[in-house]
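Notes follow the structure.
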Amino acid sequence: MSKRNNTVAEGRKYGVKNVSDAKKIANIWLRETRLEYVVAFGLPEIDDRYHIWRVPLLNNMSKERIGEIVINAKTTLILESKTTKPKILEERMLGMNKKKKGKKPKERKEYIISSLRNTIAWGDSEEILEDLPAESVNLVFTSPPYFNARPEYNDYITYKDYLLKMRKIIYKVHRVLSEGRFFIMNISPVLIRRASRSEASKRIAVPFDMHRIFIEEGYDFIDDIIWVKPEGAGWSTSRGRRFSADRNPLQYKPVPITEYVLIYRKHTDKLIDWNIRNHPNKDLVIKSKIKDPYEKTNVWHIKPSHDKNHPAIFPIELAKKVITYYSFLDDVVLDPFAGIGTVGKAAIKLGRRFVLIENQKKYVNVMVKEISRWLGKNRKDLLLINYPSDTSTNYLF
């Protein structure tokens with residue numbers, strides 16, 4: 001018989017060693033505050049960074065979280081300053097119970113299998129997305145156009161206009177994204193070069209503005225992944241060369257070799273496990289499990305890619321990792337800023353379907369030209385929207 005490994009609490013010789021211990025201590029506090037009949041426990045969790053246990057407190061009727069009890073893991077004493085005050089718990093319960101009166105319970109939604117087939121659409125995502133069926137997409141992965149970072153992206157008069165366009169896309173994707181699934185964006189700050197020597201260049205923190213938009217449009221922030229390029233990859237921006245030559249204080253500017261991969265989930269009251277448990281094809285779920293090796297941290301080292309057909313593509317390796325970690329086999333992956341179709345190519349290689357939307361015809365031409373290599377005999381099943389072809393159609397399914 002193999003020897004059982006010690007838990008973190010046992011290894012650190014905590015006074016509160018397990019969930020049962022934490023609940024017993026919390027229950028004493030509830031009895032003293034006379035709330036034991038109206039407050040229930042969530043699952044206690046240990047936070048070994050601060051040597052504490054957190055015991056979630058739930059409204060006994062609605063099961064919504066209303067606070068927590070914090071216990072010193074070493075001494076077993078309740079940390080009153082960090083524990084939700086009884087008066088606040090009572091106020092929250094009263095407020096929740098008032099809201100619940102007269103409301104019908106939410107109907108349980110079933111898991112929806114998308115009927116979309118592999119699709120390439122030529123046009124503005126803002127318009128194309130309106131024609132896609134609700135909850136027909138299982139994952140969104142995209143890298144939106146840079147804001148005026150290069151002449152070829154000079155499509156927006158102001159940064160405010162750029163953010164408004166991004167907001168409209170993010171808003172419209174929300175309807176077509178299925179229950180509790182992920183919208184993942186590869187984004188980075190952009191450098192606006194100075195127009196003359198008398199001006200300073202500007203660096204715009206685009207990812208942080210995007211984060212605000214996602215939260216305001218009904219998504220929950222899940223993770224940030226840092227994509228690290230090989231050292232020297234950012235020297236083409238000229239950033240850092242002045243300091244390298246002069247070494248004067250105040251002139252220091254690090255060479256950017258990272259980008260963000262921001263992960264958001266469409267807001268839902270269902271846990272992620274719901275998507276796994278309720279998937280109607282259990283065989284696909286099993287086959288979609290991640291094999292070794294896999295990325296264990298949020299720092300991914302990936303070489304950038306280059307293509308003569310597009311000035312700023314992201315590497316297919318990045319797309320493959322995202323699709324592998326955040327979708328099942330046969331899922332539909334959407335890229336509303338498809339470029340030359342890197343996301344679609346990765347989706348096919350991984351046994352997924354794709355919906356690619358691109359508003360520049362020259363890039364759509366590249367995708368259509370290469371589609372036979374992607375799909376092989378399945379090329380005949382491709383749906384083309386707004387693109388002149390004998391086999392194209394404007395019907396989605």
**Asked** Restricting attention to the range 234-258, and to residues there that are modelled with pLDDT under 75 and in a loop (DSSP other than H, G, I, E, B), which single residue is nearest to residue 202 (Cα to Cα)?
**Response** 239
**Message:** Considering only residues that are farther than 15 Å from residue 35 by Cα and among the charged types (D, E, K, R), which ones fall in the range 55-71?
**Reply:** 64
**Item:** Given (1) crowded, with 16+ Cβ neighbours inside 10 Å; (2) farther than 23 Å from residue 7 by Cβ; (3) in contact with a Pro (Cβ under 9 Å, 6 or more places away or on another chain), number of the condition residue 55 does not satisfy
**Value:** (2)
**Message:** Which count do you get for residues in the range 325-362 that are surrounded by 19 or more Cβ atoms within 10 Å (Cβ to Cβ) and either aliphatic (A, V, I, L, M) or in a helix (DSSP H, G or I) (or both)?
**Reply:** 16
**Item:** Conditions (1) free of Cβ contacts under 8 Å to residues at least 24 places away in the same chain; (2) under 32 Å from the mean Cα position of the chain (by Cα): number failed by residue 17
**Value:** (2)
**Prompt:** Taking strands (runs of 3 or more DSSP E) that fall entirely within the range 1-91, which contain at least 1 residues that are within 25 Å of residue 269 (Cβ to Cβ) and in contact with a helix residue (DSSP H, G or I) (Cβ under 8 Å, 6 or more places away or on another chain)?
**Reply:** 39-41, 52-59, 65-72
**Yes/no for residue 223 being over 18 Å from residue 189 (Cβ atoms), modelled with pLDDT of 80 or more and not in a helix (DSSP H, G or I)** = yes
**Message:** Pull out all pairs, ordered by first then second residue, where Cβ-Cβ is under 9 Å, the residues are six or more apart or on different chains, the first lies in the range 250-261 and is over 14 Å from residue 304 (Cβ atoms), and the second is of a type in the set (Ser, Thr, Tyr) and surrounded by 15 or more Cβ atoms within 10 Å (Cβ to Cβ).
**Reply:** 260/188
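The values are calculated or read from the model by the stated rules, or taken from the named source; none is laboratory data. Note that the structure is predicted; figures quoted are calculated from it, not measured. We place every Cβ from the backbone using ideal geometry, glycine too, and count neighbours over all the protein chains shown.
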